[in-house]
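Asks: This is the structure, below, for whatever I ask next.
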Amino acid sequence: MTTTLTDNAVTFSVTHNPNPASAEARAKILEDPGFGSYFTDHMVTVDWSAAEGWHDAKVVPYGPLQLDPAAAVLHYAQEIFEGLKAYRHADGTIGTFRPEENAKRLQSSARRLALPELPVEIFIESLKQIIAVDADWVPDGVGETSLYLRPFMIGTEAFLGVDAAKEVKYVLIASPAGPYFSGGVKPVDIWLSEDYSRAALGGTGEAKCGGNYAASLEPQQEAYANGCKQVLFLDAESHTYIDELGGMNIMFVFANGELVTPELSGSILHGITRKSILQLAESRGLTPVERRVSIDEWRDGVASGAIREVFACGTAAVINPLAELRSKTFTIPAAPDTAGEVTMGLRAALTDIQYGRAADPFGWVVPLNS
Ligand SMILES: Cc1ncc(COP(=O)(O)O)c(C=O)c1O
């Protein structure tokens, strides 16, 4: 039987996992979960078809999806995803950070990939549903642990033709995450990709779709081979201006008090951490500036001391100070105050809000448990 969802009636059926992880097994995983290696006992699925709209919202035991080998996602990469975290607060609240922003970004990714837009209410309710059954999987929050939430959407229609799928599945899985930096926040060296672009104007750079990440794997291998973990991409047209890293946005702290980040040019992801830091910066007396930044400005700014700190930002690491930029042809040394007061102050301010250790003047934290 199909249960059609409307904006006013979002009901999820719940089938509990008959074989959940034992309390001991779960505790062992939570001692050192790493990132993305373990999954909770349940997942959420919601189906969509052109004929019925969104229907059959379910909480089910975590397990393999059944897909027809002709499913659209397997051939034409009709896939989008999101990433956000659930944080356990000292008062027992399990909160998440700006989930409406993720819901809206999933909708805009969906528009670009010709997938249906999941209503914001269903997205937020799916987060609450997984926490209702898997709350014990949310780590204690000590040392920046969290439950990483991965909503995604795939074209499931079995049809070998390049066309928008008329059958689609939204899925939410959850994975306990250890601290991104064990043993303290460390600046990292990054690799500048001179041969590859991440996204061009009119492409899918603003969408959070799997294909963008598939295309970043080869330059990432190059980065690893050169002792770097992350890749920096320049604009595809002129190879002059900084776009972003493979999985993070980038910011520069100037000696004049400006916090500068590449403008949303049409080819970079609208990061929620980026947006939040720009808001926080203003309240901390910095001047947030969104404009083009060239690689030459970075090199000259570090040399002259005009650029004091450089950092990357995103949900996973929050803020990651950057050290040296390496490329095949040149190197830019770490900015003089890297991992300095501004970077670390913004990082502390943001994580304190996320973990409920500080007031939340912007109303960013949304409780997921009742
Ligand atoms: C390409 C890319 N840029 C930026 C970000 C940062 O976005 P957010 O702050 O929303 O996690 C991410 C991570 O999701 C990303 O994958």
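Asks: Name the residues in the range 297-320 that are within 18 Å of N256 (Cα to Cα) and open to solvent by less than 20 Å² (accessible area, probe 1.4 Å), would you?
Replies: Those that are within 18 Å of N256 (Cα to Cα) and open to solvent by less than 20 Å² (accessible area, probe 1.4 Å): W298, G301, V302, G305, I307, E309, V310, F311.
Asks: Scan (1) closer than 28 Å to Y76 by Cα; (2) not in a loop (DSSP other than H, G, I, E, B); (3) not hydroxyl-bearing (S, T, Y) for the single condition G161 breaks and write down its number.
Replies: Condition not satisfied by G161: (2).
Asks: Can you tell me which residue among S294, S283, S265 is of a type in the set (S, T, Y), open to solvent by 10 Å² or more (accessible area, probe 1.4 Å), within 14 Å of the ligand (Cβ to nearest atom) and out of contact with any Leu (no Cβ under 7 Å at 6 or more places or on another chain)?
Replies: Criteria check complete, one pass: S265.
Asks: So which residues in the range 321-352 are open to solvent by 40 Å² or more (accessible area, probe 1.4 Å), assigned to a strand (DSSP E or B) and out of contact with any Ser or Thr (no Cβ under 7 Å at 6 or more places or on another chain)?
Replies: R326, T331
Asks: So which of T40, T45 is among the polar types (S, T, N, Q), within 20 Å of S13 (Cβ to Cβ) and touching a Lys or Arg at 6+ places or on another chain (Cβ under 6 Å)?
Replies: Only one candidate qualifies: T45.
Asks: Turning to a different aspect of this structure: Taking A214, is it at pLDDT 95 or above, in contact with a Ser or Thr (Cβ under 7 Å, 6 or more places away or on another chain) and within 16 Å of the ligand (Cβ to nearest atom)?
Replies: For A214, the condition - at pLDDT 95 or above, in contact with a Ser or Thr (Cβ under 7 Å, 6 or more places away or on another chain) and within 16 Å of the ligand (Cβ to nearest atom) - is not met.
Asks: Does E309 satisfy the criteria of being more than 9 Å from the ligand (Cβ to nearest atom), of a type in the set (D, E), in contact with a strand residue (DSSP E or B) (Cβ under 9 Å, 6 or more places away or on another chain) and under 24 Å from P179 (Cα atoms)?
Replies: Spelling it out, E309 is indeed more than 9 Å from the ligand (Cβ to nearest atom), of a type in the set (D, E), in contact with a strand residue (DSSP E or B) (Cβ under 9 Å, 6 or more places away or on another chain) and under 24 Å from P179 (Cα atoms).
Asks: Here is a further query. Looking at the range 102-120, which of the residues that are surrounded by fewer than 19 Cβ atoms within 10 Å (Cβ to Cβ) and more than 17 Å from T204 (Cα to Cα) is farthest from the ligand (Cβ to nearest atom)?
Replies: Only one residue tops the list, namely P119.
Asks: Now, a different point. What are the pairs with Cβ atoms under 6 angstrom where one residue, in the range 15-27, is surrounded by 10 or more Cβ atoms within 10 Å (Cβ to Cβ) and the other, located anywhere, is in a loop (DSSP other than H, G, I, E, B)? Sequence gap at least six, or different chains.
Replies: N17/D41; P20/D41
The values are calculated or read from the model by the stated rules, or taken from the named source; none is laboratory data. A quick note: this is a predicted structure, and the numbers were derived from the prediction, not measured. Every residue, glycine among them, receives a Cβ derived from its backbone with ideal geometry; neighbour counts consider all protein chains shown. Accessible surface areas use protein heavy atoms only, side chains included; no ligands, DNA or RNA. Shrake-Rupley method; radii C 1.70, N 1.55, O 1.52, S 1.80 Å.
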